[in-house]
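Below is one structure; the comments refer to it alone.
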Amino acid sequence: MIAAKRRKRHKKRMKTQKEIFQLCDQVRETSFALHRYLRHGHLEKVYENGLAHRLRKADVQVKQQHALQVLDEDGTVLGDYFADLFVQGELIVELKACKALSDENVAQLLGYLRGCRVEHGLLINFGSRKLEVRKYILSDTI
């Protein structure tokens, strides 16, 4: 029952697809500016702090290491996942600082989206010479 109330509350404040895409663009552009300044070679936490700081300066609501409940199909709470960044209560941003993104990184984000019932996610890798940003949408309608 609690999970059903939470879903109802969540649906009331959901952004339109256009607003989500604009938010993703803002996160991507901010990530690019941060990567252009810091380059590659830092720990993931440095990029997390930098991206959160710059997004907050732009008046974007960002939560770092935010606990999201992982739910089973029937709504049973299985545990918590701590999102690197949870933006505007709608977007999971998973950060990496590795040479290249792997299939495991993608599977990790998709698992988080499914388990936490969040539709939109960004996977961002600051660790390579060239910034990598991948957007994922997990939807029952697609």
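Charging the Cβ of each Asp and Glu at -1 and of each Lys and Arg at +1, and nothing else, the dipole of the chain about its Cα centre rounds to 580 debye.
Kirkwood radius for the stretch 42-112, taken over all pairs of different Cα atoms as the inverse mean of 1/r, rounds to 13.3 Å. Overall shape of the chain was characterised from the C-alpha gyration tensor. The equivalent ellipsoid obtained from it has semi-axes of 26, 17, 13 Å, in decreasing order.
Test of understanding: ordering R117, R36 by Cβ neighbours within 10 Å, fewest first, what list do you get? Let's see the in-between values first.
Values: R117 16, R36 9.
Placing the least packed residue first, the sequence is R36, R117.
Once backbone amide H atoms are built at 1.01 Å from N, E132 has N125 as its partners under 5 Å, excluding neighbours fewer than 5 places away on the same chain. Each of I137, I124, I20 has some number of other Cβ atoms within 10 Å of its Cβ, and from fewest to most they run I137, I20, I124. Relative to the longest principal axis of the Cα atoms of the chain, helix 44-57 runs at roughly 80 degrees.
Ranked for footprinting exposure by Cβ neighbours inside 10 Å, fewest first, S139, S128, S31 give S139, S128, S31. Label sites at M14 and D59, each approximated as a point 7 angstrom past Cα along Cα to Cβ, lie 2.6 nm apart. One chain, two ends: D103 and A67. Fully extended at 0.36 nm per residue, the span grows by 10.6 nm beyond their Cα-Cα distance.
Any read-out appearing in this document is the output of simple, stated calculations on the displayed coordinates, not a laboratory observation. Being a predicted model, the structure only gives us computed values, none of them experimental. We place every Cβ from the backbone using ideal geometry, glycine too, and count neighbours over all the protein chains shown.
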